[in-house]
């Protein structure tokens, strides 16, 4: 099993941490609850921090003379400038973090799809936008691992988020505590993962790590970081993942029986066609890594990008779902 750096993550305080929703509720989030074992969380509630209290009358974003404003309809308070000031001060104060998990569609924390109303009294939304804090996060840290708890219910989005989060946390440790040897090790261990994400950026990152110009470590690490952000900006396509599987398969193809090869290739084809998950093909490769003691592949993060405990079977597919035979 890999040893993982602990990511630093800013989280909406109402998600598993405090009863600070406008109505005094706390939101249940399965992924936040599971991550507590592996992540250093920094909980925050922008609405409480600007003095709105708990419980409180809700706020909404309204369109006023062509400009979005954050208003509390019950009192008529316009708290736009307060929340803008808070966002700037808070984001200035937190130092290096690896990601954010924010409340879905909140007028303060929402990352997208937050309703904009025509007036304080208006009932029908006239548009959608980001919440004030969520928008400030996206503007300040566009390349970090950032999601809302609603989207993290989607397995593919969650997988990309966790992969990005733990990769960035590992790099942050290299950048702050490491040296050239650590950077080369990081690049080597992430080659297959980066191959799946973005081959063009993988080549650039390889050139940076080679450091043929003899640049000092800090300058090199900053340059590497920019391209790492770019490489991880979008989830990998299934065709790129298959390419990596075949690349790994090439390490063993001359040592395997025809039956073993056929079984693996069948799992890959089923994955390509959407008839099987990635797990059977990945686990077949992992079994060969152990069997043939391939130290290079053994250390590739592609095969375990985040703690195994966070890898979950969809309950719809699991044998642990409701027993319909009874």
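The values are calculated or read from the model by the stated rules, or taken from the named source; none is laboratory data. Source: prediction; values computed, not measured. Every residue, glycine among them, receives a Cβ derived from its backbone with ideal geometry; neighbour counts consider all protein chains shown.
Being touching a residue at least 24 places away in the same chain (Cβ under 8 Å), under 22 Å from the mean Cα position of the chain (by Cα) and not in a strand (DSSP E or B) is the filter here; which residues of the stretch 6-28 pass it?
First, the residues of the stretch 6-28 that are touching a residue at least 24 places away in the same chain (Cβ under 8 Å): 6-15, 17-24, 27.
Those left that are additionally under 22 Å from the mean Cα position of the chain (by Cα): 6-15, 17, 27.
If the condition is that a residue be touching a residue at least 24 places away in the same chain (Cβ under 8 Å), under 22 Å from the mean Cα position of the chain (by Cα) and not in a strand (DSSP E or B), then 6, 7, 13, 14, 17 are the ones that fit.
Can you go through 165, 193 and tell me which one is in contact with a strand residue (DSSP E or B) (Cβ under 7 Å, 6 or more places away or on another chain), touching a residue at least 24 places away in the same chain (Cβ under 8 Å), at negative phi and buried (at least 19 other Cβ atoms within 10 Å of the Cβ)?
On the way: 193 fails: in contact with a strand residue (DSSP E or B) (Cβ under 7 Å, 6 or more places away or on another chain).
After applying the criteria, what remains is 165.
Looking across the stretch 54-68, just one residue is surrounded by fewer than 17 Cβ atoms within 10 Å (Cβ to Cβ) and within 16 Å of residue 109 (Cα to Cα), and that is 58.
If only residues of the stretch 2-48 that are closer than 18 Å to residue 107 by Cβ and out of contact with any strand residue (DSSP E or B) (no Cβ under 8 Å at 6 or more places or on another chain) are counted, the one that is surrounded by the most Cβ atoms within 10 Å (Cβ to Cβ) is 47. Among the residues of the stretch 80-104, those that are more than 18 Å from the chain's Cα centre (by Cα) and in a loop (DSSP other than H, G, I, E, B) comprise 94, 95.
In the stretch 288-297, the qualifying residues are those that are surrounded by 13 or more Cβ atoms within 10 Å (Cβ to Cβ) and part of a helix (DSSP H, G or I), and the one that is farthest from the chain's Cα centre (by Cα) is 288. Just one residue in the set 137, 174 is under 21 Å from residue 97 (Cβ atoms), in contact (Cβ under 8 Å) with a residue 40 or more places away in the chain, outside the structural domain of residue 303 (by TED's automatic domain parsing) and assigned to a helix (DSSP H, G or I); that residue is 137. In the set 159, 219, 207, 201, only one residue is within 20 Å of residue 5 (Cβ to Cβ), assigned to a helix (DSSP H, G or I) and modelled with pLDDT of 95 or more; that residue is 159.
Scan 266, 182 and give me the residue that is over 29 Å from residue 141 (Cα atoms), assigned by TED's automatic domain parsing to the domain that holds residue 166 and without any contact (Cβ under 8 Å) to a residue 12 or more places away in the chain.
Values: 182 fails: over 29 Å from residue 141 (Cα atoms).
None of the others qualify; the one that does is 266.
Here are some residues: 27, 62. Which one is assigned by TED's automatic domain parsing to the domain that holds residue 139 and under 29 Å from residue 310 (Cα atoms)? I'd like the intermediate steps shown before the answer.
On the way: 62 fails: under 29 Å from residue 310 (Cα atoms).
Of 27, 62, the one residue that is assigned by TED's automatic domain parsing to the domain that holds residue 139 and under 29 Å from residue 310 (Cα atoms) is 27.
The single condition among (1) surrounded by fewer than 23 Cβ atoms within 10 Å (Cβ to Cβ); (2) touching a residue at least 12 places away in the same chain (Cβ under 8 Å) that residue 154 does not meet is (2).
Here residue 130 passes the criteria (1) buried (at least 16 other Cβ atoms within 10 Å of the Cβ); (2) outside the structural domain of residue 228 (by TED's automatic domain parsing); (3) in contact (Cβ under 8 Å) with a residue 24 or more places away in the chain except the one numbered (3). Restricting attention to the stretch 240-263, the residues that are outside any loop (DSSP other than H, G, I, E, B) and within 22 Å of residue 191 (Cα to Cα) total 11.
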